[in-house]
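Derivation of every value follows stated rules applied to the coordinates shown; laboratory data play no part. These figures come from a predicted structure and were not determined experimentally. Quick reminder, even Gly has a Cβ in these numbers, built from the backbone with ideal geometry, and neighbours come from all protein chains shown.
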Amino acid sequence: MVPEKSFANNFTCSWNSVTPSNTCAGVSASYSLKATTSNNANAQIPVGKAVVITFPSGFTLSTITGGTYTYNGTTVPIGAISTTATTVSFNTPGVIVPGNKTFIIVLNGITNNNSAGN
């Protein structure tokens, strides 16, 4: 199951890949989420926009210990992260991502679903 995402400026893109550092049930993992913005002038992700990533039920998101946001070789730490039972929210840190470009979000310390295969 792949996490969903939304950005406050309402553009569309899809995850190119979602890679956990550990796939074992019930253990802590870092998740690397790679996406490409749409190829249009309004697809830019400006600094400070809200990001909401929705995970399938069963993951423990309250264990997140931080994360990073990378574009064009520049990696910056994600600031304050909020969680609910199924969502991770934060504002984009100091990197603007233009349209038709790939970026990576890494979230550390997510506890995998206790059920194998999810």
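Here are the numbers for this structure:
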{"quantity": "Cut-off under 5 Å, modelled amide H: who pairs with I78 long-range", "calculated": "G67, T68, Y69"}
{"quantity": "Full-stretch length increase - S62, V27 - with 0.36 nm per residue and alpha-carbon distance subtracted", "calculated": "11.3 nm"}
{"quantity": "Per-peptide average of other Cβ atoms within 10 Å, ordering 31-41, 71-81 highest first", "calculated": "31-41, 71-81"}
{"quantity": "Extended-chain gain in nm, criterion 0.36 nm per residue less alpha-carbon gap, T102 and T54", "calculated": "15.3 nm"}
{"quantity": "Phi-based couplings in Hz for the range 70-76 (Karplus 6.51, -1.76, 1.60; Gly and Pro marked x)", "calculated": "10, 9, 6, x, 9, 10, 10"}
{"quantity": "Extended-chain gain in nm, criterion 0.36 nm per residue less alpha-carbon gap, V47 and T75", "calculated": "8.7 nm"}
